[in-house]
Structures are given as structure tokens and as C-alpha cells.
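Working notes, beginning with the structure itself.
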Amino acid sequence: MSQLKNLSVGFLFILLQITMLNMLAIKGIRPDLLVLFIVGRALSEGPTAGVLWGFGCGLILDSMSGGLFGLGAFTYAITGFISGQFSSKKGTSRSRYLLTLALGSLTAFVIFLYFIEPWDQAGWGYLFLTRTLPGAFYSWFFGFIWIFSPFAHLRAGKGRG
Amino acid sequence: MYRLLEILAGRTLKPWITLAAAVTLSMVFMTTGSGDITGIASARAADIIATLTRPFGIFPEMIRLKSENTRLRRENVELMLRANHADEAINENQRLRELLDFKKKSNLNLRSADILARDPLPGVNSILLDIGKRQGAEIHQPVICSQGLVGKLVQVGAKTSVVQLILDRNLGAAVRLSDCRVDGITKWAGHNRLIIEGIPASAPVHLNEEVISSGLDGIFPEGIPVGEVISTNKIEESLFLQVEIQPAVVFSKVEEVFLVTNNPSPVTP
């Protein structure tokens, strides 16, 4: 898959994330679609590309968040790096993608918990159980749907090498 | 040198160096905040993204219009039934106002804006508006909707601006409990919860008491509904109450907001 195609897919994910995801919120919990994309790229191209994709996509979201500028870039860069550690030259199986996605989305949501959620008010454990875990699971669930959808080929390429 | 390091480490260092660079750069952004350069860059990026976002807004808009149409039809019938009662109430209101020599104080200049995008990052409560400097938006302008206080502008581009909601860790609004007339400051307590700090333990706060903006922060105009009290909690060994409020605005369903382009009761910071 050419990088231009990857860029288009990444941009599509960003646009979906900021326009339509609010409609899928359940009790304020929304999936993070960008994690799906970044994990896919990291598994396909390795940790270096994972960091770069995560950093770039995160910066774009940061420009619209009005919050802590750089937090998205920081979070997704780390997510991309960790996910990239599980990349393989042989390609990415569905199970590998789903396991890595679980780890990647949990990583992203834990970082967001630390930097954004008011854990000093509500407590770590409470927020982890009510916000972080459901958010990570909801994102993973979308990855699960995606991987069995006709668009699954956009997830990852043939593996790095 | 690089090769030597790689041999010593027994693995390729490229991902680690990339990660270190990305993390360092992110940290620099986070610690320096939205400085002039990053602020301008992010405002421009938001303008570009907003332009690309518009076609995507059609689908949720269609779904929203359908449900809104149904709702409006129902409301129309209800409003017709209420119209008679309202006429009566207006007359009574007019008479009482004259009696009390009441002067209408609502003199806010409002500018409407549509929401282009919202909550780009999980947990970050913000919205992107289709209004910017060209339409007269300025940083720190209050944003309200028909239900009450929404937040304030924290980033203004040429055609778009970002609103920091009152459901944000970094935004507190000066508020007043409408019945007991005690002032406090809101603080986000997670998800859709707000608490008010600084309320004396002796204050006669009661459940369902309306909370309005006090105007003392110099940002939000006085008298805008913020929420209502849903619980009070006396903190041990403290002179203050912790008052939890339910925000007046259902943030996930807000579609149109208004910028307050004049604040009639600003307090010099």
C-alpha cells in the first residue's frame, strides 16, 4: 500500500473521529478510532513508523483539542512504538492485530487518564474502571468489527521487511 | 558511532531514537503550552481540518434533522396548547414588572455558531466552531447555548475556534447558588459531573437549587444557568461543603451555540 493511500486512510480516521464518533458515545465513553489505525500501521511498518504515524496524527488532533497541546502526539507516539514491537516480517494475523490493539488502546487510554481525567477528584481506581477500561474495550471492539469487515485490508500491509 | 552503539546494544536503535525525539518534542509542546508559534500553527491546522470536515458533517446532520423534525412536530403541538397559558403569563408578568419597576437586564450581544467537531481526544472536552476572527470571535469569549453556560474560546483561527467546555480540568467558572446567594468556583469531577468549591459549610444549600454564573471571574456574564445541585457533602475537618451539580447543558447533544461578543459585567482580571 502506498504511503499516499495510508495518509488518506489516516486522514479519514481523523475526520471520522472528530465528526461522527460522538454519536456512538455510550454514557460518555467513546471509542478511539485513531488507535486502530496507528496500531495497524505500527504492526505493518514497525515501531519507527508507528511512532511517526502516531506523532503526526496526534499533532493534528492536538491542533483542534484546545487542551494540552502535544498530548495527542505524545500518547499516540508511545502507542505506535509499543504496538510496533509486535510487528512481524511475516505479516499480521488477525489475532496478533487484536491482541496488539488491546494493548495499544489500553496504553492510550491510561495516558489520557493520567493527563486529562480528574483522578485527584474521583480517584484512580474508579476512573480506571469506569472510563479507561470501557474506552479501551470499546475501541478494541471497533477493531474487532473492522478486522472482519470488507475494509480489513486497509488495516495492515504484508508486513515489514 | 551510531553503528557502534547499535552493536553494543545488540539491536537497532532507530525506533528508540525516533521515540525519544517524538516524546521530547511532545513534552516541549506540553510544557510551553500554546505559545505564539504553536498557537498560530494549530489554529491554521484547525482551519484546514474544519474545511475538510464539512462534508462529513452531512451524515450526522441528516440523522439529527430527522429526529429533530419528529421532536419539533411534537413540540409544536405542545406549544400550541401552552400558547394560551403563556399569553396569560405574559400579561401577569408585565403587570408585575411594572409594579416592581423591573428593568430588563439581558443585554448580551450573541453571535450564533455551529459545531464542526467535538472531543478530538478521549477525555478532552472541547468543541470546534465554524466561527473565527473574521466573524469577530476573540479568545476568552464566553460561549452559551439555550440551556446555559457552555465554556469559553481558547483558540481562535481565521474561520474556526476551539471552545474549552466547563467540563474541562483546566476551566473553572465563578458561580452563585441562586437561593442562598453563596459564591463558589466550579471544578470538573469527571465525565458529566461538576463540583463547586469554596462553599462554606454553614451555607443553607438545598437539593435542586439552581446554580448560575456570578460574573466575578470577569469572563462569563452574570446570571447564565450552569446547573442544579444534586448532592452536598460535608468534608470532615473542613470549613467547606463539596457541592455536586448537574450541568444545565447536555453537552453531547448541543448542536448550536452562541458567542457572547460583549460582556456587560466584566471584572478586570
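Quick note: the coordinates plus some simple rules give every number you see, no bench work behind them. In this text the structure is predicted, and so the values were computed from the model without any measurement. Note: ideal-geometry Cβ built from the backbone for every residue, glycine included; neighbour counts use all protein chains shown.
A few remarks follow.
The rows are residues; the columns are (1) surrounded by fewer than 24 Cβ atoms within 10 Å (Cβ to Cβ); (2) in contact with a Phe, Trp or Tyr (Cβ under 9 Å, 6 or more places away or on another chain); (3) more than 8 Å from chain B (Cβ to nearest Cβ); (4) of a type outside the set (D, E, K, R).
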| residue | (1), (2), (3), (4) |
| --- | --- |
| A:Ala42 | no, yes, yes, yes |
| A:Ala49 | yes, no, yes, yes |
| A:Cys57 | no, yes, yes, yes |
| A:Ser83 | no, no, yes, yes |
| A:Ser87 | no, no, yes, yes |
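- Filtered residue count, segment B:216-240, keeping only those that are in contact with an Asp or Glu (Cβ under 9 Å, 6 or more places away or on another chain) and either crowded, with 20+ Cβ neighbours inside 10 Å or in contact (Cβ under 8 Å) with a residue 60 or more places away in the chain (or both): 4
- Residues that are farther than 17 Å from A:Leu34 by Cβ and in contact (Cβ under 8 Å) with a residue 40 or more places away in the chain, drawn from segment A:99-147: A:Arg131, A:Pro134
- One residue alone among A:Leu61, A:Leu101 is closer than 16 Å to A:Phe13 by Cα, away from chain B (no Cβ under 12 Å) and assigned to a helix (DSSP H, G or I), and that residue is A:Leu101.
- Conditions (1) closer than 21 Å to A:Met23 by Cβ; (2) hydroxyl-bearing (Ser, Thr, Tyr); (3) surrounded by 15 or more Cβ atoms within 10 Å (Cβ to Cβ); number of the one not met by A:Thr132: (1)
- Residue tally, condition touching a Leu at 6+ places or on another chain (Cβ under 6 Å) and either within 17 Å of B:Trp188 (Cβ to Cβ) or not hydroxyl-bearing (Ser, Thr, Tyr) (or both), over segment B:144-161: 1
- If you filter segment A:1-40 down to residues that are within 9 Å of another protein chain (Cβ to nearest Cβ) and in a loop (DSSP other than H, G, I, E, B), you find that the one that is nearest to A:Gly72 (Cα to Cα) is A:Asp32.
- Checking each residue in segment B:163-189 for being outside any strand (DSSP E or B) and more than 9 Å from chain A (Cβ to nearest Cβ) picks out B:Ile166, B:Leu167, B:Leu171, B:Gly172, B:Ala173, B:Ser178, B:Asp179, B:Cys180, B:Arg181, B:Val182.
- Of all residues in segment B:134-157, those satisfying the criterion of being more than 10 Å from the chain's Cα centre (by Cα) and assigned to a strand (DSSP E or B) are B:Val154, B:Gln155, B:Val156.
- Looking across segment B:112-133, the residues that are within 7 Å of another protein chain (Cβ to nearest Cβ) and in a loop (DSSP other than H, G, I, E, B) come down to B:Asp119, B:Pro120, B:Leu121, B:Pro122, B:Gly123, B:Val124.
- Residue check, B:Thr160 more than 14 Å from the chain's Cα centre (by Cα), of a type outside the set (A, V, I, L, M) and within 13 Å of chain A (Cβ to nearest Cβ): yes
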